[in-house]
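The values are calculated or read from the model by the stated rules, or taken from the named source; none is laboratory data. If you're wondering where the values come from, they're calculated on a predicted model, not measured in any experiment. Counting neighbours? That spans all protein chains shown, and the Cβs are built from the backbone with ideal geometry, glycine included. The protein model used for the area step is the full one, side chains on, heavy atoms only, and it has no ligands, DNA or RNA in it. Shrake-Rupley method; radii C 1.70, N 1.55, O 1.52, S 1.80 Å.
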Amino acid sequence: MDYKKLQNGSDIRGVALEGIEGQNVNLTEDVCLNIGRGFALWLIKKTGKTDLRVAVGRDSRLSGEKLCNWICSAMVESGIKVTDFGMASTPAMFMSTVTDGYNFDGSVMITASHLPFNRNGFKFFTANGGLEKEDIKQILAFAESDEVTGLNVGSLANGEFMNTYSKILADKIRSATGEDKPLDGFKIVVDAGNGAGGFYVDKVLKPLGADTTGSRYLEPDGSFPNHIPNPENKEAMESITEAVRENNADLGIIFDTDVDRAGAVLSDGSELNRNRIIAMLSAILLREYPGTTIVTDSITSTGLADFIKEKGGIHHRFKRGYRNVINESIRLNGLGQDSQLAIETSGHGALKENYFLDDGAYLVTKLLIELARGRKEGYTLESLIETLAEPAESVEFRMNILLEDFKTYGQKVIDELNLYAMKKDGWSLAENNYEGVRVNLDKDHGNGWFLLRLSLHDPLLPLNIESNDKSGAKKIATELAEFIKNYDKLDAKSLLEFVK
């Protein structure tokens, strides 16, 4: 077993169940036991402590309980005092390390986010936040080694934290609005996609007075029988939109499997995700923290940049990857440049006021505060983003690189496109670009922009195109295809079909 293959950025992910052809189980009992021992070793060496407490939680995946038993067993054998919280959310597991009365030395969340039912994995936290790539690399190196802690056997207990975490969220809304039941009179529907997010209805919304009639798929079911729990998934967004319309709801909320991401649907049936949810949160935070910097990933629209500037903020467009945007926002704050929000178009959003934790439930909590305030002061959520200019067209192509050394080839394409763009009429390289090649095109050449970049983990080049004109995306794609078709190790069929 090559443990390095289990690393997925700052997470560990693998196949935990049979059921999909060609995907063999690699999160076996032995592997999970070794990962548990590896984390125990890492935490002991990191903290210099031997009397350590670790909390463990899991989402609704079918393999979750089994993996939980294995990793807990390994940590107990390594001398750790382990508390099993059962069904939980990823943000809650971090909060167990910083909440008074709990203050665990570390925590583990068993999840694979929105991936298919057969996948699973581990996320790790300390009170300093989620572990970084180098930390995961070290844990996996320990897992492959024969090193043991040498400590006496620890202990295992069952515990409960979701009630405490939920009360933190509910009390925040009460404090911000000055009311015990600030959502009384609002109809709010939730689609948890059978993930771990169903708690938000009974433990947050109902105690605040909301009518949650019409909420969907709140019961945990790791087979995900209704749709993928993913705010970026078309079927999932159609489901929550349908729930809003059928119930004349004031707001619809959708979570991903482990609740570190969220999307929403406004009362008029319009989706609040990608650029729109970034704009909404920016509007809220720029009123609370005038002039702050909003850090986003690389594929946000020109309209969003203009919107943030209009609201008095600074837009810092950075790289894809939720850890990338979070770390960049933290870096800017360290330099003295206030940055209150780090957010990806995927819905991963982290606020300075909340430990820079990417927490979908916390983002939704900010929306609910605004919903209640708006009723008092005479405005709606929709009105907060009414000046956001949205593109007429937006498309994405994911072009596979047909080589084992895909990064070298992909970088070659990007470097040569960068030189090509500098000489091309109607094209201009975007300023302050941190990833791939981003090019703005004038009105005669598609009136928009494109970004070509290397995927963070996969052997492919994602291409995003946006245009302010109808049919402008095809014009941009046609010009770009003249360059792309020269690379025979790049599977550009989807792009070439689009321009026919």
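Just a few scattered comments:
- Spin-label model, Met1 to Leu151: label points 7 Å out along the Cα-to-beta-carbon direction sit 2.2 nm apart.
- The figure for His315 is an accessible area of roughly 40 square angstrom, using a 1.4 Å probe on the protein chains alone.
- DSSP bridge pairs, the chain: antiparallel proportion in percent, nearest 5: 65
- Note on Ser494 and Met422: with the Förster distance fixed at 35 Å, the Cβ-Cβ geometry gives a FRET efficiency of about 0.85.
- The GluC sites (Glu not before Pro) of the range 1-96 that DSSP puts in a loop, and whose beta carbon has at most 10 other beta carbons within 10 Å, are Glu18, Glu21.
- To the nearest 10, the accessible area of Lys474 is 80 Å² with a 1.4 Å probe.
- Computed from point charges on the beta carbon alone (+1 for Lys and Arg, -1 for Asp and Glu), the dipole magnitude for the range 301-383 about its Cα centre is near 100 Debye.
- Under 12 Å, Cβ to Cβ, from Ala170 - net charge with Lys/Arg +1 and Asp/Glu -1: +2
- Each of Ile330 and Asn158 was given a label point 7 Å from its Cα along the Cα-to-Cβ line. The distance between the two points is 3.5 nm.
- Paramagnetic label zone (point 7 Å from Cα along Cα-to-C-beta, Asp444; backbone N under 20 Å) in the range 472-488: 472-483
- Taking 0.36 nm per residue of separation and subtracting the Cα-Cα distance, full extension of the segment from Ala176 to Ala392 would add 74.1 nm.
- Unit charges at the beta carbon, dipole of the range 364-419: most positive-side option, Tyr379, Gln411, Ala389: Tyr379
- The calculated FRET efficiency for Thr50 paired with Leu402, based on their beta-carbon distance and R0 = 51 Å, is about 0.50.
- When both the range 440-473 and the range 39-99 are represented by their alpha-carbon centers, they are found 42 Å apart.
- Sulfur and carbon atoms: percent of accessible area, the range 7-119 [1.4 Å]: 44
- Accessible area (Å², per residue) of the chain, counting only protein heavy atoms and a probe of 1.4 Å: 41
- Rounded FRET efficiency, nearest 0.05, which uses the C-beta distance separating Lys206 from Ser383 and R0 of 22 Å: 0.20
- Note on the chain: dipole from Cβ charges, positive end direction compared against Ala196, Ile278, Ala492; the farthest Cα belongs to Ile278.
- For the range 53-169, a simple Cβ point-charge model (Lys and Arg +1, Asp and Glu -1, everything else neutral) yields a dipole of about 380 debye relative to the Cα centre.
- Positive-end residue of Met422, Val148, His457, charge dipole of the chain with Cβ unit charges: Met422
- The modelled label-to-label distance for the pair Glu482/Lys133, using points 7 Å beyond Cα in the direction of Cβ, is 3.6 nm.
- For the chain, the Kirkwood radius over C-alpha pairs fed into Stokes-Einstein at 10 °C and 1.306 mPa s yields D = 67 µm² per second.
- The spacing between the range 244-308 and the range 362-425, judged by their C-alpha centroids, is 12 Å.
- Put a plus charge on the Cβ of each Lys and Arg, a minus charge on the Cβ of each Asp and Glu, and nothing anywhere else: the dipole of the chain about its Cα centre is then about 640 debye.
- Above-threshold pairs, the threshold being 27 Å between Cα atoms, out of Lys4/Lys352; Lys5/Lys352; Lys4/Lys46; Lys49/Lys172: Lys4/Lys352; Lys5/Lys352; Lys49/Lys172
- Against the criterion of solvent-accessible heavy-atom surface with a 1.4 angstrom probe, Asp191, Asp306, Asp469 sort, most first, into Asp306, Asp469, Asp191.
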